[in-house]
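Bear in mind these aren't lab numbers, they're just calculated from the coordinates by the rules spelled out. These numbers come from a predicted model, not from an experiment. Here the Cβ positions follow ideal geometry from the backbone for every residue, glycine too, while neighbour counts run over all protein chains shown.
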Amino acid sequence: MRRHLAGALVVGMVASTLVVPSGTDTAPRAEATPRASYSWRNVEIGGGGFVPGIIFNQTEPDLIYARTDIGGAYRWNESTQRWTPLLDWVGWDDWGWTGVASLATDPVDPDRVYLAAGTYTNDWDPNNGAILRSADRGESWQVTELPFKLGGNMPGRGMGERLAIDPNDNRVLYLGTPSGNGLWRSTDQGVSWSKVASFPNAGDYAQDPDDPSGYLSDNQGVVWVTFDEGTGTPGSRTQHIYVGVADKNNNVYRSTDGGTTWQRLPGQPTGFLPHKGVLDSEHGYLYLATSDTGGPYDGAAGDVWKFDTTSGHWTRISPVPSDSDDNYFGYSGLTIDRRNPETLMVTAYSSWWPDTQIWRTTDGGGTWSPIWEWADYPTRTPRYSLDTSSAPWLSFGQDNPVPPEVSPKLGWMTEALEIDPFDSDRMMYGTGATIYGTDNLTAWDVGGRVGIRPMVFGLEETAVLDLISPPGGAPLLSGMLDIGGFRHTDLDQVPAMMHTTPFMSAVRSLDFAELNPSVVVRVGDVEDSASSHIGISTNNGQTWWQGQRPAGVTGGGTVAVAANASSIVWSPEGTGVHVSTSYGGSWQPAAGIPAGATVEADRVDPAVFYGFSDGTFYVSVDGGASFTATSASGLPTSGDVRFKAVPGHAGEVWLAGGAPGHYGLWRSTDRGASFSRVAGVEEADNIGFGRAAPGETYPALYSSAKVNGVRGIYRSDDAGATWLRINDDDHQWAWTGAAITGDPRVHGRVYIATNGRGIIYGDPTG
């Protein structure tokens with residue numbers, strides 16, 4: 001549960017300082033629809049996305065948090081060795097809060113944790129960012145909305161942490177912001193915030209200043225805040241504070257008077273951005289990891305620096321200096337062993353080939369050893385062993401890569417790396433697909449091998465694009481961004497491998513033959529130009545082969561399979577709708593339907609296919625060879641629209657979607673010749689079917705929708721006459737519009753696609 005302190009925001013000028021006070025409590029809204037009780041959990045995958053931040057509390061052992069760029073924040077459970085999601089309560093309208101730009105855990109009061117939340121700084125996210133604050137380790141939250149946006153999924157998101165708590169006076173927090181908004185401060189434990197008017201530099205670096213979308217052109221801003229704890233006493237403000245700025249010529253600033261005034265650090269290195277700034281208060285050193293870009297994907301050069309806070313002397317301590325021919329990456333992932341502060345580690349976060357690199361020093365950067373090094377090229381000598389048997393798909397199906405590459409890799413986008421402040425043997429680091437970690441790190445120092453394995457379970461961070469639940473075979477098959485998707489034979493076990501042959505970086509659409517569910521087709525986006533964008537299986541997705549593709553295909557689009565698998569209709573990106581009667585061996589253009597139309601198959605009649613585009617519904621009665629526009633009217637002409645045909649009921653179609661003003665759920669019982677709008681459903685974004693309720697013959701319906709004024713996940717057991725809300729305010733998962741389906745074998749079971757929290761499945765309780 002959370003209390004939302006957002007009320008009516010008042011933004012005013014006080015002594016030339018912009019102040020954002022907290023709002024007022026909002027009373028809980030009474031339920032407007034009946035509810036059913038459900039239990040919820042993730043379909044087990046094991047990670048799947050970029051983890052840009054791992055944060056250990058500095059005063060309580062085993063209190064660890066992780067932040068993700070689109071999938072919220074998590075807290076580590078030491079007893080189960082799993083992560084607990086903390087932001088499932090974020091709802092549809094505030095979906096951007098699941099992009100966590102920074103996280104801070106309080107060293108004075110470990111029960112307190114803070115998030116800087118907001119996904120995009122451009123117009124992709126319509127809402128401003130927010131500070132989420134908790135006094136019970138994320139079990140409940142209060143919210144202060146900000147007058148600007150934050151960028152949890154923007155370029156530079158691996159730098160930081162932007163949010164920091166004064167270790168001596170935990171009433172004081174600082175927030176480094178993007179978009180030229182500068183440095184902000186709270187003196188009341190995050191309830192209200194004001195801009196630090198005396199801070200002189202809001203940053204000037206953008207990845208691509210000419211990007212018209214605003215995504216790459218945003219100023220990455222103020223990127224981290226670090227306190228010198230030894231310059232304060234408990235209960236009074238820390239006096240020395242260091243701040244990193246995305247400005248290649250002026251990248252580090254210091255205050256020596258508790259944040260009143262600020263000065264550029266003299267003699268600082270220039271030409272690079274400060275990804276990480278970590279302070280060794282015991283010996284008086286500030287360490288910097290730098291790169292020529294903001295990451296997390298790019299970076300072609302960088303250095304590591306050591307600043308003596310007493311003498312003001314800078315020393316370059318790069319494992320591979322930026323002016324070396326062997327430096328082709330930037331540095332990040334900087335961490336200190338707090339029990340042995342001369343021990344540091346740093347990553348080559350942007351080294352994609354042949355692998356990422358991690359270095360370790362035990363003498364303050366005087367000498368470094370790599371986690372792997374060259375023997376006789378292309379042979380590599382590792383100081384580690386990597387066991388991915390708990391998540392074998394991390395090999396991405398690359399069983400025999402060409403040396404010097406190995407499979408699985410140590411990672412990529414390795415911007416978050418932390419040594420446990422209470423255990424020198426434990427280290428965790430984030431990659432673009434998982435969290436890896438070890439419990440025998442110091443073996444590195446005595447010639448042993450560091451044992452690395454996934455430490456990601458419970459943290460599910462995938463953007464799910466499509467879901468199907470056939471009546472036979474595996475209960476679920478998924479299509480996803482980045483990792484393609486899986487055949488889920490056991491919902492509570494990590495699948496062995498994602499869909500391959502071909503591998504698709506985004507599976508946009510899946511379908512199966514309703515009367516022959518062993519036949520499955522998937523289409524999507526590919527990085528290999530030789531791939532055809534389509535995979536076909538005749539054993540329910542256990543194995544696949546690559547079909548041919550029509551000329552001009554550039555992306556997946558949507559696909560439909562005849563009820564008896566006699567034909568496949570494909571509406572790809574880049575060309576028109578096509579039909580194949582040879583399992584993708586050859587294709588013919590379909591007549592009468594526009595390019596880009598969404599296509600689906602009737603679940604009973606193999607000759608019937610359906611299409612939809614710009615408010616017009618189309619039907620084919622010849623196996624997809626030709627389509628005819630129906631006379632159906634009143635359907636949405638804008639917004640996202642998804643539709644499905646009903647299993648076991650020939651000619652029945654449900655259509656969901658639209659845009660404000662014309663947004664809802666429609667039903668046809670005559671092959672799309674006419675549609676009637678479903679009363680009481682003000683908005684609907686998808687529709688799915690599952691096993692009928694006991695005593696009923698019509699499949700259960702599921703939708704992510706607004707019914708009687710309340711957004712939620714709904715089920716109807718009476719063909720849409722009445723609806724039960726089956727989720728609650730603690731289980732909303734932000735945006736859930738991409739796909740939903742019931743299970744044809746288990747009444748009440750529903751599978752929900754999220755944009756960052758993986759696949760959620762629910763079962764009725766009681």
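Cross-link reach is defined here as a Cα-Cα straight distance under 12 Å, omitting same-chain residues fewer than 8 places apart; for K409 the aspartates and glutamates meeting it are D355, D387, D399. Sorted on the mean count of surrounding Cβ atoms within 10 Å across their residues, most packed first, peptides 434-441, 37-44 read 434-441, 37-44.
On full extension, the segment bounded by W545 and V406 gains 47.6 nm, given 0.36 nm per residue less the C-alpha separation. For the pair segment 602-675 and segment 308-340, the centres of their Cα atoms are 60 angstrom apart. Give the average over all directions of the projected area of the C-alpha convex hull of segment 184-268, one decimal, in nm². Mean orientational projected area (segment 184-268, Cα hull): 6.8 nm².
Comparing Q398, Y751, G277 along the charge dipole axis of the chain, the residue lying farthest to the positive side is Y751, per the Cβ-charge model. Which shape class, rounded, prolate or oblate, goes with segment 620-723 when its Cα gyration tensor gives a ≥ b ≥ c as root eigenvalues, a/c under 1.5 marks rounded, and past that a/b bigger than b/c marks prolate? Oblate, since a/c reaches 1.5 and b/c is not below a/b.
If you bin all the Cα-Cα distances of segment 236-288 at 10 Å, starting from zero, the percentages per bin are 24, 55, 21, 1. Segment 398-447 and segment 210-248 have their alpha-carbon centroids 27 Å apart.
Only Cα pairs under 8 Å and 6+ residues apart enter the sum, and on that basis the relative contact order of the chain stands at 10 percent.
Qualifying trypsin sites (Lys or Arg not before Pro) in segment 339-394, where qualification requires a DSSP coil assignment and no more than 15 other C-beta atoms within 10 Å, comprise R339. Debye calculation, C-alpha points only, no solvent: report log10 I(q)/I(0) for segment 416-503 at q = 0.23, 0.24, 0.25 Å⁻¹, in the same order as the q values. Ignoring solvent entirely, the Cα scatterers give -1.12, -1.18, -1.25. Note on K195: lysines with a C-alpha under 24 Å away, same-chain residues under 8 apart excluded, are K149, K248, K276. Each Lys and Arg adds +1 at its Cβ and each Asp and Glu adds -1 at its Cβ; summed about the Cα centre, segment 355-468 shows a dipole of about 240 debye.
The ellipsoid equivalent to the alpha-carbon distribution of the chain has semi-axes of 47, 30, 22 angstrom, derived from the gyration tensor eigenvalues as √(5λ) and listed largest first.
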